[in-house]
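Participant: One structure coming up, written as structure tokens, with questions to follow.
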Amino acid sequence: MARDNRKPPQREELPELLTAIEATEFLNLWLITLSRQRYQGRGPIYCKHGWRVYYPRADLVDWFERQRWASTGVPLRS
């Protein structure tokens, strides 16, 4: 009986995913704040797997960088 020496197909590396609780700790936010922003479409990009919510770490950093302001009426845009 011959052994099958084929390698499994290569797949792209998945991004590091954080749970909602881990994301709030990473961003130093309250869970209710992150949930509210997700509901309103103002928060960071997220993924849903069933009822579970995950945040790619890179998207959290990107979203955080876009939240910069020069004063109360002047957001910094890059």
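Participant: Can you give the longest run of the chain that contains no GluC sites (Glu not before Pro) sitting in a DSSP loop with at most 10 other Cβ atoms inside 10 Å?
Facilitator: Numbers: sites that count: GLU12, GLU13.
The longest such stretch corresponds to 14-78.
Participant: By how many nm would the segment from ARG36 to GLU13 lengthen if fully extended, with 0.36 nm per residue of separation less the alpha-carbon distance? Don't skip to the answer; put the middle values down first.
Facilitator: Values: separation 23, 0.36 × 23 = 8.28 nm, distance 3.01 nm.
Additional length available on full extension: 5.3 nm.
Participant: Could I ask something else about it? With springs only between Cα atoms under 10 Å, which of ILE45, ILE21, ILE32 fluctuates most in a Gaussian network model of the chain?
Facilitator: ILE32
Participant: What is the extension gain from ARG6 to GLN67, computed as 0.36 nm multiplied by their sequence separation minus the C-alpha to C-alpha distance, in nm to one decimal?
Facilitator: Stretched out fully, the ARG6 to GLN67 stretch lengthens by 17.2 nm.
Participant: Kindly write out, for the range 59-68 in residue order, the coupling ³J(HN,Hα) from the Karplus curve 6.51 cos²θ - 1.76 cosθ + 1.60 (θ = phi - 60°), rounded to whole Hz, with x marking Gly and Pro.
Facilitator: 5, 5, 5, 4, 4, 4, 5, 7, 8, 8
Participant: Moving on. Once amide H atoms are built 1.01 Å from N in the peptide plane, which residues 5 or more positions from VAL53, or in another chain, come under 5 Å H to H?
Facilitator: Under 5 Å from the amide H of VAL53: ALA20.
Participant: Something else about it: With n ≥ 4 as the cut-off for DSSP H runs, can you work out [θ] at 222 nm for the chain, using -39500 (n - 2.57) per run divided by the number of residues, rounded to the nearest 500?
Facilitator: Roughly -10000 deg cm²/dmol at 222 nm, from the helical runs in the chain.
Participant: So, one more: Go through [x] 145; [y] 106; [z] 85 and flag the label whose value is the computed volume of the Cα convex hull per residue in Å³ for this structure.
Facilitator: [x]
Since every read-out is calculated from the coordinates, none of them should be taken as a lab result. Just so it is clear, the model here is predicted, and its values are computed rather than measured. For neighbour counting, all protein chains shown are included, and Cβ atoms are generated from backbone atoms with ideal geometry for every residue, glycine included.
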